[in-house]
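Could you have a look at this structure, given as structure tokens, before my questions?
The values are calculated or read from the model by the stated rules, or taken from the named source; none is laboratory data. Computed from a predicted model, the values in this text were never measured in an experiment. Positions of Cβ are generated from backbone atoms using ideal geometry, with glycine treated the same way; all protein chains shown enter the neighbour counts. Areas reflect the complete protein model, heavy atoms only, side chains present, ligands, DNA and RNA absent. Shrake-Rupley method; radii C 1.70, N 1.55, O 1.52, S 1.80 Å.
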Amino acid sequence: MNTVITATAPNSSPTMSSREIAELTGSTHDNVLKTIRALVKKGVVCGNETPYIHPQNGQTYKEFQLDYRNTMVVTSGYSVELRAKIIDRWLELETKPALTEETPEMLAFRAIIALQGKLEVSEERGKLQAAMLEAAQPKAKALDTLAGMRGFHSLTQAAKSCSWPRDAFIEECNRIKWIYRDKAKEIWMGYSEKERAGYLDYKPFQYTNSDGKLIKKPQVVFTDKGLAKICEIFAYKEKPAPFTKTPAKAA
């Protein structure tokens, strides 16, 4: 399944694409399109089919971009659990700060779109974008470098890519239900839906415990696809302030 990022252009209302609805609900895009077209024909949903270019094969397909009201009508027949996913995603979209032309967030927005193959730029514009990203905040720079990354990325590496402190990053990933702590195995595990989406995987690692015994355990890691997605999410989160110790008073 291909990752779909629903992005909001500057000064516009957020929308959710039919492709993202399919990904969030585990349905096929064809089935979602069939449902939307039937509801449009009945006059209960408003929307027009718009073209998009598939980032892998370069072919042009059709999709719908729906506002909140129309998204809720389309997904009204889904289960409570699936509708909850749609609502949670809408909360993310509606709480994102407004993007303006000269902010670092705008640069991150462009980088995300470029990574998904949705933005066609000339050679001159590409050079300008690279220069702007170089001067932007670390989040935008991290996103810009994702295209050249390959393989798997540990929690520590992912935190660094998002320019977040490791512990705060892990805590936030746990809060937004990407990973959870398996107390019995004493390791971090990935939520199954994130594994099925191809965002998370596992790699073996080993260490020696206090008794000198060699311990082997699986370690959850981000795929390239998962790292791009989590960096997109963290680009709009406020990084926690660094912790500083209060100097001890002189005796």
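Across the range 62-76, which residue is surrounded by the most Cβ atoms within 10 Å (Cβ to Cβ) among those that are touching a residue at least 12 places away in the same chain (Cβ under 8 Å) and hydroxyl-bearing (Ser, Thr, Tyr)?
Looking at the filtered set, the residue picked out is Thr71.
Out of the range 191-238, which residues are closer than 14 Å to Cys173 by Cβ and modelled with pLDDT under 85?
Lys237
Out of the residues in the range 152-172 that are assigned to a loop (DSSP other than H, G, I, E, B) and of a type outside the set (S, T, N, Q), which is least open to solvent (accessible area, probe 1.4 Å)?
Ranking the candidates gives Cys162 first.
Find the residue count for the range 65-90, including only residues that are in contact with a strand residue (DSSP E or B) (Cβ under 6 Å, 6 or more places away or on another chain) and not polar (S, T, N, Q).
Qualifying residue count, the range 65-90: 1.
If I go through the range 19-61 residue by residue, how many of them are hydrophobic (A, V, I, L, M, F, W, C) and buried (at least 19 other Cβ atoms within 10 Å of the Cβ)? Working first, answer last.
Initial filter on the range 19-61 (hydrophobic (A, V, I, L, M, F, W, C)): 21-22, 24, 32-33, 36, 38-40, 44-46, 53.
Remaining after also requiring buried (at least 19 other Cβ atoms within 10 Å of the Cβ): 21-22, 24, 32-33, 36, 45.
Adding up the residues that qualify gives 7.
Shifting gears a bit: Give the residues of the range 18-35 that are of a type in the set (Asp, Glu) and either free of Cβ contacts under 8 Å to residues at least 40 places away in the same chain or part of a loop (DSSP other than H, G, I, E, B) (or both), sorted by residue number.
Let us first name the residues in the range 18-35 that are of a type in the set (Asp, Glu), namely 20, 23, 30.
Matches in the range 18-35: Asp30 only.
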